[in-house]
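Trainee: Below you will find the structure I want to go over with you.
The values are calculated or read from the model by the stated rules, or taken from the named source; none is laboratory data. Please read these numbers as outputs of a predicted model, since none were measured by experiment. All Cβ positions, even for glycine, are placed from backbone atoms using ideal geometry, and neighbour counts span all protein chains on display.
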Amino acid sequence: MVIKNFFFKVNDLIFLSLLFLLLILFIIAGTGLAGLFGLIFVSLITLYFSRYYKSLATILYVALCVRLVVIFFGNYLGPLPDSMGDTGYFESKAWAWSQDGFFGVLSYYPSNKSSLLISWMYAFLYSLTGRSVILLQSVSLLLGMGSVLLGSRLAHKIWSEEISIKVGWILALYPTLVLYSCLVLREAYVWFFLLVALYGIVCWSKDGGFKSLIIIFIGFSGATISHGGMFVGGFVFLIILVLFYFIKIIKSLKFLKISINSLTILSLLIITMFYLVSLDSIPKLGSVKRIFDFEQLVTEISNRNINRAAYPEWTIPKTSFELIYKAPIRIIYFIFSPFLWDIKKFSHLLGFFDGIFYLMLFILFIKNFKSIWSNRSLRIIFIILASYLVTYGLGTGNFGTGIRHRTKFIIVAILMVAPWIPKFDLKKKKIFF
């Protein structure tokens, strides 16, 4: 025990020293006080949780240092992939809106364009601190690190501590997870809040209770605010809840006993469902009814099939009937593309290897479907994940955007097949952490 504690302390010192050197590099490069404060704040939060979850300490240290290196590279050595389009647009909007001061930002609430909500929130920061891209990246970094921790803890709750360590290393080092933890985009928000919702689902599935439902509500609400399409998963889970409590009440009637708690929850759920169905301003979706408007969906798909990375022309449905058999093809393109015949430049090659990893996860899922389906928590998570893949698969028209959108669900996919993902034993190679 003494030897283990000694090595753990040495481990701490190594990564604390590396962290210190990285922060010195940011100072030398001329990082402003606001950006530097953001990085230090995230580092302190990481150090705190690494002391609390000691089995994940090394994973959190490595995840943080890797992301700090990527942020430094992207700001001072060369642009990162996907760091131009939306990233620059969100940041520049935040700066423009901040010019009227903290309270002046209130008037810019983007009620007609939910994608700019992130800019609106960042504008408040800018109004207090001045312009600092690294400060905004620190927010993504904080949520990205939170996702590594929460994803690992969720794996522990579903599977075991050993599996949680393996999942933690994947989340700490997987390239797209690292990348989008370092950009001013919404992906890190979606990961984090979706994991909050899933954590609540696992707790509810195992123990029940109203507290878990509140956690789930917070998670799906945060994810939906981050990106409107995430509403679908929350609505699907609401349907699952309604069916669960309805069946529970019907079964209790056999014994002439009705749980007041179950009846109350069911009533609240039904009222919530009718309210959500009546909404016509859901971000990205419009309304629940619009989701099932096939003619409108065909038009939307055609409009989204744009730019050089667009899906092949033959995958675009021209009628509602074509949508029925072309929808699975577009979902396959969403999950696995670009394919070899789609590669036209180096960035496409990176997406190709990303698609191979998704293919590996899919194969593991198919091979172990019975085990996954027999687990109540995973069964619910799978239904929610499937609803997301259908929604985003149909709503995405090119594999450039597809790579970014499918990253929203990579952590969920990893969690489902975690026990069967090949493990690389670093100890056998005499590499110690």
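Trainee: Quick check, is S43 farther than 19 Å from L183 by Cα and either more than 20 Å from the chain's Cα centre (by Cα) or surrounded by 14 or more Cβ atoms within 10 Å (Cβ to Cβ) (or both)? Steps first, please.
Mentor: Working: farther than 19 Å from L183 by Cα: no; either more than 20 Å from the chain's Cα centre (by Cα) or surrounded by 14 or more Cβ atoms within 10 Å (Cβ to Cβ) (or both): yes.
Judged against the criteria, S43 is not a match.
Trainee: Also, quick follow-up: Within segment 299-330, track down each residue that is over 14 Å from G395 (Cα atoms) and of a type in the set (V, I, T).
Mentor: So the first thing to find is which residues in segment 299-330 are over 14 Å from G395 (Cα atoms), and the list is 307-309, 312-314, 318-322, 324-325.
Listed by number, the residues that qualify are T319, I324.
Trainee: Within segment 374-410, which residues are hydrophobic (A, V, I, L, M, F, W, C) and modelled with pLDDT of 90 or more? First the steps, then the outcome.
Mentor: Going residue by residue through segment 374-410, those that are hydrophobic (A, V, I, L, M, F, W, C) are 378, 380-386, 389-390, 394, 399, 403, 409-410.
Across segment 374-410, the qualifying residues are L378, I380, I381, F382, I383, I384, L385, A386, L389, V390, F409, I410.
Trainee: Could you look through segment 263-301, keep only residues that are more than 18 Å from F220 (Cα to Cα) and among the aromatic types (F, W, Y), and pick out the one that is surrounded by the fewest Cβ atoms within 10 Å (Cβ to Cβ)?
Mentor: Only one residue fits best here, namely F292.
Trainee: Is it the case that some residue within segment 367-380 is buried (at least 18 other Cβ atoms within 10 Å of the Cβ), in contact (Cβ under 8 Å) with a residue 12 or more places away in the chain and within 17 Å of L171 (Cβ to Cβ)?
Mentor: So far as segment 367-380 goes, no, none of its residues is buried (at least 18 other Cβ atoms within 10 Å of the Cβ), in contact (Cβ under 8 Å) with a residue 12 or more places away in the chain and within 17 Å of L171 (Cβ to Cβ).
Trainee: Taking segment 310-343 only, how many residues are part of a helix (DSSP H, G or I) and not acidic (D, E)?
Mentor: The qualifying residues number 20.
Trainee: Would you tally the residues in segment 324-347 being closer than 25 Å to F365 by Cβ, surrounded by 11 or more Cβ atoms within 10 Å (Cβ to Cβ) and not acidic (D, E)?
Mentor: Matching residues across segment 324-347 total 15.
Trainee: Additional query: Kindly evaluate L80 against the criterion of being of a type outside the set (D, E, K, R), within 30 Å of G228 (Cβ to Cβ), touching a helix residue (DSSP H, G or I) at 6+ places or on another chain (Cβ under 7 Å) and not in a helix (DSSP H, G or I).
Mentor: On the way: of a type outside the set (D, E, K, R): yes; within 30 Å of G228 (Cβ to Cβ): yes; touching a helix residue (DSSP H, G or I) at 6+ places or on another chain (Cβ under 7 Å): yes; not in a helix (DSSP H, G or I): yes.
Yes; evaluated as a whole, the condition is true for this residue.
Trainee: Those residues that are surrounded by fewer than 23 Cβ atoms within 10 Å (Cβ to Cβ) and part of a helix (DSSP H, G or I), I need them from segment 159-176; list them, please. It would help to see each step written out before you state the result.
Mentor: First, the residues of segment 159-176 that are surrounded by fewer than 23 Cβ atoms within 10 Å (Cβ to Cβ): 159-163, 165-166, 169-170, 173-176.
Answer for segment 159-176, where residues must be surrounded by fewer than 23 Cβ atoms within 10 Å (Cβ to Cβ) and part of a helix (DSSP H, G or I): E161, E162, I163, I165, K166, W169, I170, L173, P175, T176.
Trainee: Is at least one residue of segment 197-207 at positive phi and either out of contact with any Leu (no Cβ under 7 Å at 6 or more places or on another chain) or part of a loop (DSSP other than H, G, I, E, B) (or both)? Lay out the reasoning, then the answer.
Mentor: Taking segment 197-207 first, the residues at positive phi are none.
No, segment 197-207 contains no residue that is at positive phi and either out of contact with any Leu (no Cβ under 7 Å at 6 or more places or on another chain) or part of a loop (DSSP other than H, G, I, E, B) (or both).
Trainee: In addition: Output the residues belonging to segment 109-120 that are assigned to a helix (DSSP H, G or I) and either modelled with pLDDT under 90 or under 19 Å from the mean Cα position of the chain (by Cα) (or both).
Mentor: Taking segment 109-120 as the starting set, the residues that turn out to be assigned to a helix (DSSP H, G or I) are 114-120.
Across segment 109-120, the qualifying residues are S114, S115, L116, L117, I118, S119.
Trainee: Given the criterion modelled with pLDDT of 80 or more and in contact with a helix residue (DSSP H, G or I) (Cβ under 9 Å, 6 or more places away or on another chain), identify the matching residue among E300, E295, E322.
Mentor: Working: E300 fails: modelled with pLDDT of 80 or more; E295 fails: modelled with pLDDT of 80 or more.
After applying the criteria, what remains is E322.
Trainee: For V66, indicate whether it is surrounded by 13 or more Cβ atoms within 10 Å (Cβ to Cβ), modelled with pLDDT of 95 or more and part of a helix (DSSP H, G or I). Give the steps one after another, and end with the answer.
Mentor: Numbers: surrounded by 13 or more Cβ atoms within 10 Å (Cβ to Cβ): yes; modelled with pLDDT of 95 or more: yes; part of a helix (DSSP H, G or I): yes.
In short, yes.
Trainee: To continue, here is another question. Return a yes/no flag: does segment 267-275 have any residue that is free of Cβ contacts under 8 Å to residues at least 60 places away in the same chain and in contact with a helix residue (DSSP H, G or I) (Cβ under 6 Å, 6 or more places away or on another chain). Can you show your working first?
Mentor: From segment 267-275, those free of Cβ contacts under 8 Å to residues at least 60 places away in the same chain are 267-275; that's our starting set.
With the extra rule that they be in contact with a helix residue (DSSP H, G or I) (Cβ under 6 Å, 6 or more places away or on another chain), the set shrinks to 269, 273.
Scanning segment 267-275 turns up at least one residue that is free of Cβ contacts under 8 Å to residues at least 60 places away in the same chain and in contact with a helix residue (DSSP H, G or I) (Cβ under 6 Å, 6 or more places away or on another chain).
Trainee: Do the conditions hold for S252, that is, is it small (G, A, S) and closer than 21 Å to K284 by Cα? Spell out how you get there, then give the answer.
Mentor: Details: small (G, A, S): yes; closer than 21 Å to K284 by Cα: no.
So S252 does not fit the description; no.
Trainee: Given the criterion in a helix (DSSP H, G or I), closer than 23 Å to G222 by Cα and in contact with a Leu (Cβ under 9 Å, 6 or more places away or on another chain), identify the matching residue among L60, L106, L142, L136.
Mentor: Values: L60 fails: closer than 23 Å to G222 by Cα; L106 fails: in contact with a Leu (Cβ under 9 Å, 6 or more places away or on another chain); L142 fails: in contact with a Leu (Cβ under 9 Å, 6 or more places away or on another chain).
Going through L60, L106, L142, L136 in turn, just one is in a helix (DSSP H, G or I), closer than 23 Å to G222 by Cα and in contact with a Leu (Cβ under 9 Å, 6 or more places away or on another chain): L136.
Trainee: Residues in segment 346-368: is at least one assigned to a helix (DSSP H, G or I) and touching a His at 6+ places or on another chain (Cβ under 9 Å)? I'd like the intermediate steps shown before the answer.
Mentor: Taking segment 346-368 and keeping what is assigned to a helix (DSSP H, G or I), we get 346-367.
So of that shortlist, the ones also touching a His at 6+ places or on another chain (Cβ under 9 Å) come out as none.
Among the residues of segment 346-368, not one is assigned to a helix (DSSP H, G or I) and touching a His at 6+ places or on another chain (Cβ under 9 Å), which makes the answer no.
Trainee: Now, a different point. Name the residue that is nearest to V148 (Cα to Cα), counting only residues in segment 196-251 that are among the aromatic types (F, W, Y) and in contact (Cβ under 8 Å) with a residue 24 or more places away in the chain. So that I can check it myself, show each step before the final result.
Mentor: Within segment 196-251, the subset among the aromatic types (F, W, Y) is 199, 204, 210, 217, 220, 231, 235, 237, 244-246.
Subset that is in contact (Cβ under 8 Å) with a residue 24 or more places away in the chain: 199, 210, 220, 231, 235, 237, 245.
Values: Y199: 13, F210: 26, F220: 18, F231: 23, F235: 26, F237: 24, Y245: 33 Å.
This residue is Y199.
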